[in-house]
Amino acid sequence: MLPARYETIILYSRNDAFGDGLIRVPALRAARTAFPDSFIVYGTTRASTLEHVLNRHVDHLVNAINVRTPLAHLVASHRKGKERVAVVDFRIVAPWLIRTWASLLGRGIAYEANFPAFALSLPPDRKPEARPEHNAWRCHRLVERLAGRRLPFDHRLEPTPAARAAAVRLAGGRHGPLIVIAAHGDGDKRMTADQIVAISDSMIADGANLIYVKTPGDGPDVAELIQRVPKLQLVDSGTVEDVDVSDILLALGEFADLYIGAEGGTAHLMATVMTPMVIVSGGANMRRWRPLSNNVDVVEARYASPAGLVANVPAPKIIEAARGMLAVRRRDHPYLLDGADKAGCLPAQQSLDNDKHTDEDLKRAV
């Protein structure tokens, strides 16, 4: 194997909430692919979910994770003698990037910055190029620029076997479309009990099976939800012993017909298993933050409610979008879980369209 171009590569971000961490994963994979022999450090100014919640998905891609550590300290601690060091800066605040660029000038350190047209890291013989609109692709493109070539982009995640088994049990023995709902979240990225009750009542009346997953953050009182919608199944951190609720979400998302929730980290998580979804956005720029699953319908709160808040979006608007997605009955990559069809968990698309697929088609879907 040829030696790596850099002994150490520092990937740096400001702060990674759940969704931020998820959209960094393709860039980390690309870095390890391009530089298999380099010592790769992931650092942040503040906290990062890649250090704990999402760690099992990235711990094999990086050699060290240093949170709450200034970039200058990381450079100083990893620059020894004449070792070749590169910095890939995912931050977007222009003054920070300019100051960092100036501090590294003349030190022989390669610097790729998330700056408009990548101007701070532009070699004299290279023309400017537009940054991709989506944040995940921006981070990935920075690594490509450092490597000097195009690299695979892969945002998908894998649930554990235990989570898959739990998901089949939770959804087993049921017929009709499987819908996963989550309404908890931080700040304005959460929905109300009234919205969830109205959506659930309508979807259940249409013949769907609903699972409500309680994720971290504030949101509706789950006891109230279950009391008001007895057929709504609850999944939370205590449902399956020793299996994280995020892993159960991943596994359910592999064969769910639809996910409904607010724009945010949970939607990005479901996109890693290509779950079709309806999300309610409170004003996020969808060109930069759209979940990386092709089958996504966005209900914009600014158009659907006077105050532009997720909590104020009328439930009928969300129900209409959900029915539209279920009518399409498509997903990017359908899954067949062992025994899932016998348990009533076969995705609705496949249930309706099996006569259109050959045996080889179904094998490729596994």
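Figures for the structure shown
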{"quantity": "Glu129 vs. criteria modelled with pLDDT of 95 or more and over 30 Å from Val280 (Cβ atoms)", "calculated": "no"}
{"quantity": "Region 267-286, residues that are in contact (Cβ under 8 Å) with a residue 60 or more places away in the chain and within 15 Å of the chain's Cα centre (by Cα)", "calculated": "Ala267, His268, Leu269, Met270, Ala271, Thr272, Val273, Met274, Thr275"}
{"quantity": "Within region 222-266, considering residues that are under 22 Å from the mean Cα position of the chain (by Cα) and of a type in the set (Ser, Thr, Tyr), the one farthest from Arg290 (Cα to Cα)", "calculated": "Ser237"}
{"quantity": "Region 20-78, residues that are more than 19 Å from Glu144 (Cβ to Cβ), open to solvent by 50 Å² or more (accessible area, probe 1.4 Å) and among the hydroxyl-bearing types (Ser, Thr, Tyr)", "calculated": "Thr45, Ser77"}
{"quantity": "Pair list, Cβ under 6 Å, 6 or more apart: region 44-61 residue in contact (Cβ under 8 Å) with a residue 12 or more places away in the chain and at positive phi, other residue surrounded by fewer than 21 Cβ atoms within 10 Å (Cβ to Cβ) and of a type in the set (A, V, I, L, M, F, W, C)", "calculated": "none"}
{"quantity": "Hits in region 185-194 - residues which are open to solvent by less than 20 Å² (accessible area, probe 1.4 Å) and closer than 18 Å to Met270 by Cβ", "calculated": "Gly185, Met191"}
{"quantity": "Subset of region 1-19 that is without any contact (Cβ under 8 Å) to a residue 60 or more places away in the chain and within 18 Å of Ile92 (Cβ to Cβ) - its residue that is least open to solvent (accessible area, probe 1.4 Å)", "calculated": "Asp16"}
{"quantity": "Out of Leu151, Leu105, Leu142, sole residue that is more than 30 Å from Arg323 (Cα to Cα) and modelled with pLDDT under 95", "calculated": "Leu105"}
{"quantity": "Lone unmet requirement of (1) more than 14 Å from Gly261 (Cα to Cα); (2) open to solvent by 60 Å² or more (accessible area, probe 1.4 Å); (3) modelled with pLDDT of 95 or more for Gly238", "calculated": "(3)"}
{"quantity": "Qualifying residue in region 130-140 (condition: within 25 Å of Ala262 (Cβ to Cβ) and surrounded by fewer than 17 Cβ atoms within 10 Å (Cβ to Cβ))", "calculated": "yes"}
{"quantity": "Residues of region 290-310 that turn out to be open to solvent by 60 Å² or more (accessible area, probe 1.4 Å) and among the hydrophobic types (A, V, I, L, M, F, W, C), as a count", "calculated": "2"}
{"quantity": "Residue check for Lys189: out of contact with any Cys (no Cβ under 9 Å at 6 or more places or on another chain) and more than 30 Å from Arg24 (Cβ to Cβ)", "calculated": "no"}
{"quantity": "Count - residues of region 155-184 that are open to solvent by less than 50 Å² (accessible area, probe 1.4 Å) and either in contact with a Lys or Arg (Cβ under 7 Å, 6 or more places away or on another chain) or assigned to a helix (DSSP H, G or I) (or both)", "calculated": "9"}
{"quantity": "Region 150-182, subset basic (Lys, Arg) and under 25 Å from Asn294 (Cβ atoms), residue farthest from the chain's Cα centre (by Cα)", "calculated": "Arg150"}
{"quantity": "Output for region 189-215, where each listed residue is part of a loop (DSSP other than H, G, I, E, B), in contact with a strand residue (DSSP E or B) (Cβ under 8 Å, 6 or more places away or on another chain) and not basic (Lys, Arg)", "calculated": "Met191, Ala208, Thr215"}
{"quantity": "Identity of the residue in region 203-230, of a type in the set (S, T, N, Q) and within 19 Å of Ala167 (Cβ to Cβ), that ends up least open to solvent (accessible area, probe 1.4 Å)", "calculated": "Thr215"}
{"quantity": "Hits in region 112-126 (condition: open to solvent by 20 Å² or more (accessible area, probe 1.4 Å) and modelled with pLDDT of 75 or more)", "calculated": "Phe115, Pro116, Ala117, Ala119, Leu120"}
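The values are calculated or read from the model by the stated rules, or taken from the named source; none is laboratory data. As the structure is a prediction and not an experimental result, all values here were calculated from the model. Every residue, glycine as well, gets a Cβ built from its backbone with ideal geometry; the counts of neighbours run over all protein chains shown. Accessible surface areas use protein heavy atoms only, side chains included; no ligands, DNA or RNA. Shrake-Rupley method; radii C 1.70, N 1.55, O 1.52, S 1.80 Å.
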